[in-house]
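The values are calculated or read from the model by the stated rules, or taken from the named source; none is laboratory data. Since we're looking at a predicted model, the values are computed, not measured. Cβ atoms come from the backbone with ideal geometry, glycine included; neighbour counts cover every protein chain shown.
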Amino acid sequence: LFHFGGETFLSRLELVQRIADYFGLDASCVEPMKTAQAGQDAPRPLRSGLRSDRARQTIGRAPLSLEAGLDRLATQAHFRQDFGALLGLG
């Protein structure tokens, strides 16, 4: 069993901003907050990512970049429908 992820390490705020930019949404409505304010049971790193070297060597494939993953996600009909409904577009 492998956990497989892209090589980009981002804060949660950076991730949301990049997703908003990709989909042409206004990222300014996302307000930064301190991790301690989130009220999570376990501590979380400020910047998060996943090293997938072993998985990449074993299966012989590199993970998608964030943008390539969003490209793939955006082409899926069920995602477009659900995402559009969430945004009040459909």
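Summary of values
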item	result
Candidates Leu13, Leu25 - the one that is closer than 23 Å to Phe79 by Cα, at pLDDT 85 or above and assigned to a loop (DSSP other than H, G, I, E, B)	Leu25
Single match in Leu73, Leu25, Leu15, Leu66 (criterion: of a type outside the set (S, T, N, Q), touching a Ser or Thr at 6+ places or on another chain (Cβ under 7 Å) and closer than 29 Å to Gly88 by Cα)	Leu66
Selected residue [touching a strand residue (DSSP E or B) at 6+ places or on another chain (Cβ under 7 Å), exposed (fewer than 14 other Cβ atoms within 10 Å of the Cβ) and of a type outside the set (Asp, Glu)] from Arg47, Arg72	Arg47
Residue identified as farther than 21 Å from Arg80 by Cβ, among the basic types (Lys, Arg) and free of Cβ contacts under 8 Å to residues at least 24 places away in the same chain among Arg61, Arg47, Arg12	Arg61
Among the residues listed as Leu1, Leu73, Leu66, the single one being of a type outside the set (Val, Ile, Thr), free of Cβ contacts under 8 Å to residues at least 12 places away in the same chain and touching a helix residue (DSSP H, G or I) at 6+ places or on another chain (Cβ under 7 Å)	Leu73
Filtered residues of the stretch 44-81 (kept if β-branched (Val, Ile, Thr) and in a helix (DSSP H, G or I))	Thr58, Ile59
